[in-house]
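To start, the structure itself, in structure tokens.
The values are calculated or read from the model by the stated rules, or taken from the named source; none is laboratory data. None of these values were measured; they are calculated from a predicted model. Using ideal geometry, Cβ is built from the backbone for each residue, glycine included, and neighbour counts are taken over all protein chains shown.
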């Protein structure tokens, strides 16, 4: 095979795990690009947003609705106005849905957006709902589905486990000049 040729597999093999992490922006954007590409090939895609709220309107929701990509915004947002218990309840619901989708072989791609935020250190823990061990076990138990994990602060364990890892590094960002997030760019 020539170096420029790409190996294309005709039969579906065990899915891979892709991890987008780092302090820079672009993790969800990269995952959405894969969703767009997969949908273009007629693949069945599901996105589960662990922290983003159904109330927040953003470009990906509009696009997914128009293109038939299943999107579930399960969170209550990154807010101090909610109690830790409300956050835990929404995460419990999101994780239960994620477990179902990972076991459903009809999905070609499942994105667990901001799932790594569950593992961040804070004054309260989500370990009783989802631990890295439980996530890795669910990923090992799936069959053919490709999975994308996004979020900051991936552990060495998740990096080692994943088949592909990309770290987003912020070199320069408009917010450093006081430019706020813009519709169509950050959301």
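Table: residues versus (1) modelled with pLDDT of 90 or more; (2) under 22 Å from residue 106 (Cα atoms); (3) part of a loop (DSSP other than H, G, I, E, B); (4) within 14 Å of the chain's Cα centre (by Cα).
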{"residue": "3", "(1), (2), (3), (4)": "no, no, yes, no"}
{"residue": "7", "(1), (2), (3), (4)": "no, no, yes, no"}
{"residue": "13", "(1), (2), (3), (4)": "no, yes, yes, no"}
{"residue": "29", "(1), (2), (3), (4)": "yes, no, no, yes"}
{"residue": "32", "(1), (2), (3), (4)": "yes, yes, no, yes"}
{"residue": "35", "(1), (2), (3), (4)": "yes, yes, no, yes"}
{"residue": "43", "(1), (2), (3), (4)": "yes, yes, yes, no"}
{"residue": "47", "(1), (2), (3), (4)": "yes, yes, no, yes"}
{"residue": "57", "(1), (2), (3), (4)": "no, no, yes, no"}
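Checked against (1) crowded, with 20+ Cβ neighbours inside 10 Å; (2) within 25 Å of residue 134 (Cα to Cα); (3) within 17 Å of the chain's Cα centre (by Cα), residue 87 passes all but condition (3).
Residue 125 meets the conditions (1) part of a loop (DSSP other than H, G, I, E, B); (2) surrounded by 14 or more Cβ atoms within 10 Å (Cβ to Cβ); (3) touching a residue at least 24 places away in the same chain (Cβ under 8 Å) in every case but one. The failed one is (3).
In region 109-122, is there at least one residue being out of contact with any strand residue (DSSP E or B) (no Cβ under 7 Å at 6 or more places or on another chain) and assigned to a helix (DSSP H, G or I)? There is at least one residue in region 109-122 that is out of contact with any strand residue (DSSP E or B) (no Cβ under 7 Å at 6 or more places or on another chain) and assigned to a helix (DSSP H, G or I). Taken over region 148-187, the criterion of being surrounded by fewer than 10 Cβ atoms within 10 Å (Cβ to Cβ) and closer than 28 Å to residue 56 by Cβ is satisfied by 169, 171, 172, 176, 177, 178, 180, 182, 183, 184.
I'd like to know if region 91-98 contains one or more residues that are crowded, with 20+ Cβ neighbours inside 10 Å, touching a residue at least 60 places away in the same chain (Cβ under 8 Å) and under 14 Å from the mean Cα position of the chain (by Cα). Checking region 91-98: not a single residue is crowded, with 20+ Cβ neighbours inside 10 Å, touching a residue at least 60 places away in the same chain (Cβ under 8 Å) and under 14 Å from the mean Cα position of the chain (by Cα). The set of residues in region 135-147 being touching a helix residue (DSSP H, G or I) at 6+ places or on another chain (Cβ under 9 Å) and surrounded by fewer than 14 Cβ atoms within 10 Å (Cβ to Cβ) consists of 140, 141, 143. Listed conditions (1) assigned to a strand (DSSP E or B); (2) surrounded by fewer than 17 Cβ atoms within 10 Å (Cβ to Cβ) are all met by residue 82, apart from (1). For residue 165, the conditions (1) within 20 Å of residue 50 (Cβ to Cβ); (2) part of a loop (DSSP other than H, G, I, E, B) are fulfilled apart from (2).
The selection criterion, being out of contact with any strand residue (DSSP E or B) (no Cβ under 6 Å at 6 or more places or on another chain) and either under 30 Å from residue 171 (Cα atoms) or surrounded by fewer than 21 Cβ atoms within 10 Å (Cβ to Cβ) (or both), does not hold for residue 54.
Inside region 134-162, residues that are in a loop (DSSP other than H, G, I, E, B), touching a strand residue (DSSP E or B) at 6+ places or on another chain (Cβ under 9 Å) and under 15 Å from residue 117 (Cα atoms) make up a count of 4.
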